[in-house]
1. Across region 244-288, what is the number of residues that are under 26 Å from THR76 (Cα atoms), of a type in the set (Gly, Ala, Ser) and in a helix (DSSP H, G or I)?
2. THR325 fails exactly one of the following numbered conditions: (1) within 30 Å of VAL258 (Cβ to Cβ); (2) free of Cβ contacts under 8 Å to residues at least 60 places away in the same chain; (3) away from the ligand (no atom under 16 Å from the Cβ). What is the number of that condition?
3. In region 314-373, which residues are assigned to a loop (DSSP other than H, G, I, E, B), charged (D, E, K, R) and at pLDDT below 90?
4. Out of (1) within 16 Å of the ligand (Cβ to nearest atom); (2) surrounded by fewer than 17 Cβ atoms within 10 Å (Cβ to Cβ); (3) free of Cβ contacts under 8 Å to residues at least 40 places away in the same chain, the odd one out for ALA316 is which?
5. Exactly one of (1) closer than 28 Å to LEU83 by Cα; (2) surrounded by fewer than 18 Cβ atoms within 10 Å (Cβ to Cβ); (3) not small (Gly, Ala, Ser) is unmet by GLU387. Its number?
6. Name the residues in region 289-307 that are surrounded by fewer than 17 Cβ atoms within 10 Å (Cβ to Cβ), assigned to a loop (DSSP other than H, G, I, E, B) and within 16 Å of the ligand (Cβ to nearest atom), would you?
7. Name the helices (runs of 4 or more DSSP H) wholly within region 1-91 that hold at least 2 residues that are over 21 Å from the mean Cα position of the chain (by Cα) and at pLDDT 95 or above?
8. What is the one condition in (1) modelled with pLDDT under 95; (2) in a helix (DSSP H, G or I); (3) farther than 23 Å from THR267 by Cα that ARG124 does not satisfy?
Amino acid sequence: MSSLFLHFLLCYDGKQESPNAAGKAVLKGACALREADMTYREKTKKIRIGDREIGGGSPILIQSMTNTPTEDVEATVRQILALEEEGCEIIRCTVPNLQAAEALGKIRKQVHIPVVADIHFDHRNAIAAIENGADKIRINPGNIGGEEKLREVVEAAKKRDVPIRVGVNSGSLEAALVDKYHGVTAEGLVESALDKVRMIEKAGYENIVISIKSSRVRMSIEAHEMLAGKTPYPLHVGITEAGTLLSGNIKSAVGLGVILNEGIGDTIRVSLTGDPIEEVRSAKLILRSLGLRSGGIEVVSCPTCGRTRIDLIGLAERVEEMVRTIRLPKQCDIRVAVMGCAVNGPGEAKEADIGIAGGVGEGLLIRKGEIVKKLPENELLDALRHELEHWGEQE
Ligand code: SF4
């Protein structure tokens with residue numbers, strides 16, 4: 001057992017206070033390991049995944065998962081490269097057989113972000129994935145075929161210093177814990193996760209990441225609050241089976257928003273029944289909305305009302321699409337406002353770095369509070385694109 005984990009166990013008195021509104025967590029008792037001015041994520045153990053680092057206050061990384069057959073190397077590489085371009089920082093691929101494990105090795109050589117192998121049931125797939133260069137494996141130690149097989153997986157991971165993510169899901173919680181807690185509960189999920197962590201620690205390995213996932217938002221929040229005070233390992237956070245674009249985004253934003261704002265979570269995934277590109281876009285927006293990520297272009301737009309006299313909904317959608325194609329210098333942060341009318345529009349647009357305020361079939365282009373020019377409606381998008389492409393040259 002690591003000294004850090006031992007320290008956690010000794011310090012934790014089981015009476016964790018609710019994390020306060022500022023996202024800080026405080027433990028009761030004489031040993032204030034989590035001081036009031038530190039978040040959970042600053043106290044987690046640093047874990048290396050390929051060339052990236054998570055935990056210990058490292059930036060929160062965005063994950064997604066491919067939905068191509070992993071054996072189809074070409075299609076999987078194509079999808080990962082597109083996800084990288086969108087901002088995905090860690091990618092997980094399913095490895096249901098040995099062919100997929102071999103394919104993973106070829107895929108990894110053609111992409112630029114760490115590749116995680118997702119394994120269920122067969123420990124040989126986990127070992128093969130590690131031998132083929134997986135940067136991390138995700139397993140459920142409870143369904144890998146017993147203690148001896150788990151030990152073999154851990155030995156393979158140790159040899160290459162590959163982290164193991166212990167994944168617990170509300171849909172596959174052990175019957176004994178369902179009975180013990182009279183149903184699927186946050187307590188059951190946490191106990192299951194900690195049991196599995198101990199299985200890996202018992203095999204002599206502490207290069208661990210944990211995820212506990214539930215499709216119920218409140219249960220996810222409770223489980224993360226409980227777990228964060230009981231383990232030093234980094235947490236991968238997501239709301240599982242969240243749903244299609246609208247419901248999945250809302251559930252993920254609410255769940256991840258609360259959990260992240262409490263200072264919990266080292267990597268995230270927004271799970272959507274849809275294109276994984278959307279998962280990455282949503283994850284970026286969630287991090288940005290919480291002030292946990294900077295850089296890039298944020299679009300704000302008014303909801304439109306009876307005063308709107310241009311096609312603002314269409315324009316705002318085109319602006320959203322357009323800004324995705326703009327490549328800014330690193331850490332350049334721009335807020336773009338797309339506003340509908342001359343009453344509130346100019347004022348709101350002035351709050352942004354650059355903005356459009358609509359008129360009747362025309363609009364004002366406003367940069368840093370100054371009106372740049374008045375343009376016909378059909379020229380506004382191009383003018384905005386030009387400004388963004390030459391951002392920084394005006395100063
Ligand atoms: S900015 Fe103008 S058009 Fe948009 S909602 Fe406000 S008042 Fe209406």
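1. Residues that pass the stated criteria total 4.
2. In the conditions (1) within 30 Å of VAL258 (Cβ to Cβ); (2) free of Cβ contacts under 8 Å to residues at least 60 places away in the same chain; (3) away from the ligand (no atom under 16 Å from the Cβ), THR325 misses (1) alone.
3. Listed by number, the residues that qualify are ARG324, ARG327, LYS330, LYS368.
4. (2)
5. (2)
6. Within region 289-307, PRO303, THR304, CYS305, GLY306, ARG307 qualify.
7. 73-86
8. ARG124 satisfies every listed condition except (1).
The values are calculated or read from the model by the stated rules, or taken from the named source; none is laboratory data. As the structure is a computational prediction, the values presented were derived from the model and not from experiment. Cβ coordinates were reconstructed from backbone atoms using ideal geometry, including for glycine residues, and neighbour counts include every protein chain displayed.
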